[in-house]
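What follows is a short report on a single structure.
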């Protein structure tokens, strides 16, 4: 059986945990302590095993706790936001299932529920989107805003005007979202 050269989701998660932990200047023990405070009974050895590839599974509870402990959105641990060049890195393959890969850009959009993967029945895919989310998206409020500032100061969740999404007859809300 031929092994794929594309890293799997757990490999990516392990690399991202190591990168983010290093950027935050946390030791493996400090991350384990944060996880225990969040109800996930990891120790330093478990963190090290994940980061070195000797632990090849992570539960959903552990994944969400890792994101919380590292203060990032879960998607940023699961799919690398960018590679050696943001534009080039977004096109690098991401292993969605053992038999299917797509670009990291497409994988991130799919995980966020913003786009489907190829050969998806769009009627099924979009039937699970709550009506309140149709036609909404984050827009940048200020070009020169402080990137360390709160999201609410940088972006606003607003209704976009495209297609049938955000139809007030469906959502029961006016076009301005109020």
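The values are calculated or read from the model by the stated rules, or taken from the named source; none is laboratory data. Since the model is a prediction, treat every value here as computed from it, not as a measurement. Every residue, glycine as well, gets a Cβ built from its backbone with ideal geometry; the counts of neighbours run over all protein chains shown.
Per-structure values
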{"read-out": "From the options 113, 89, 137, residue that is part of a strand (DSSP E or B), at pLDDT below 90 and surrounded by 13 or more Cβ atoms within 10 Å (Cβ to Cβ)", "value": "137"}
{"read-out": "Filter result for residue 26 (modelled with pLDDT of 95 or more, buried (at least 16 other Cβ atoms within 10 Å of the Cβ) and either in a loop (DSSP other than H, G, I, E, B) or assigned by TED's automatic domain parsing to the domain that holds residue 99 (or both))", "value": "yes"}
{"read-out": "Selected residue (only one of 41, 7 is in a loop (DSSP other than H, G, I, E, B) and either in the same structural domain as residue 112 (by TED's automatic domain parsing) or under 21 Å from residue 103 (Cβ atoms) (or both))", "value": "7"}
{"read-out": "Residues of segment 11-25 satisfying the condition of being in contact with a helix residue (DSSP H, G or I) (Cβ under 8 Å, 6 or more places away or on another chain) and over 22 Å from residue 98 (Cβ atoms)", "value": "18, 20, 21, 24"}
